[in-house]
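What follows draws every value from the coordinates through simple rules; no lab data is involved. Only a predicted model underlies this, so the values are computations on that prediction, with no experimental measurement involved. We place every Cβ from the backbone using ideal geometry, glycine too, and count neighbours over all the protein chains shown.
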Amino acid sequence: MRYEMMFPDQIREAIDNNTPVVLALGVLEYHSEHMTPGVDTLLPVRALELLEKEMPLVIMPPFYYGAGTYAVAPPERNGGIHVDSAVLNSFARQLFYNLLRIGFRNINVFVHHQSENFANGMPTDLSFKLAARQEIFAFIENERGDGWWGDNSSASYYEDHAAGDDPFNWISILPFMSAEAQAQFPIDHAGEQETSLMMTFCMRLRWWERLRKGITSVTAFVSRARRTWRSCWTKTSCSSTRSIRAQ
Ligand SMILES: [Zn+2]
């Protein structure tokens, strides 16, 4: 269900069932002449739409305005938009504050942009990761006061953590593609991997029309990409979206 289309009783039901709340977090970044700037956001958006056919999800409106950086191309006449990580962190804190207040405890954010080295992190995912930690700490401290971690009621904290059941799992920032999938299909920028995923996920972009008109100059490359990747979603379970907790 799309969050903005849910009635209050449906929101309450999702909270009671601990239904996964999912957010596609991405950027608007120049992706060469054969692709559109929304690639890094559209991929998780479409993957989540597909995943929703298999399991109940609360799909939040996607967030496109990450730290695209100008590493690939300057914005002038190319279309990239970069928002500073400090601004992102402020926004994400407000967002998570509200989601926790609403009652959600199974929040999953999916990032594709610059996720090839996810353990170390990049500005977009790091700002959201930090915000998640900050807001979870603030939320618990507000409810239980200082010393909550040292209190006897937290005695099972480390066992809960091992079972994946501690409060710091309330919000997860995850790479769109799992490490295993990335090992099999390395992430690129506007190369075969991204192009073919986009061609599979976003048919509405009318690729073939552009190819026919000669607007896209990489016909052979795009054809190869499409052949290689056409069914990657179904064949390889390439996305870590499939690993989110059902409840
Ligand atoms: Zn990309």
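Using mean Cβ contacts within 10 Å as the protection proxy, how do 171-181, 77-87 order, highest first? Can you show the working numbers first?
Details: 171-181: 21.4, 77-87: 14.8.
Per-residue mean Cβ counts within 10 Å order the peptides as 171-181, 77-87.
Quick one: net charge of D125's neighbours, Cβ under 12 Å, K/R +1, D/E -1? Could you put the intermediate results ahead of the total?
Values: positive: K129; negative: D40, E116.
Once all neighbours under 12 Å are counted, the net charge is -1.
First select every other residue whose beta carbon is under 10 angstrom from the beta carbon of H31; then total the charges, Lys and Arg +1, Asp and Glu -1. Don't skip to the end; give the middle numbers.
On the way: positive: none; negative: E29, E33, D40, E194.
Overall, the nearby charge balance is -4.
Compute the distance in nm between two label points, each set 7 Å from the Cα along the Cα-to-Cβ direction, one at N120 and one at K53.
Spacing of the two 7 Å Cα→Cβ label points: 3.8 nm.
Quick one: if the Förster radius is 25 Å, what FRET efficiency do M5 and S90 give, using the C-beta to C-beta distance and rounding to 0.05?
Numbers: r = 27 Å, r/R0 = 1.09.
It comes out at approximately 0.35.
Net charge near G66: determine it from the other residues with C-beta under 11 Å of the C-beta of G66, scoring Lys and Arg +1 and Asp and Glu -1.
In short, -4.
Across segment 1-111, how large is the tail of the calculated P(r) beyond 24 Å, expressed as a percent of all Cα pairs? Present the calculation step by step, with values, prior to reporting the outcome.
Numbers: 2019 of 6105 pairs.
Of all Cα-Cα pairs in segment 1-111, 33 percent lie more than 24 Å apart.
With θ set to phi - 60° and the Karplus curve 6.51 cos²θ - 1.76 cosθ + 1.60, what are the ³J(HN,Hα) couplings of segment 21-37 in order, to the nearest whole Hz, using x for Gly and Pro?
Using θ = phi - 60°, the values come out as 9, 10, 9, 8, 10, x, 9, 10, 9, 4, 10, 6, 7, 9, 9, 9, x Hz.
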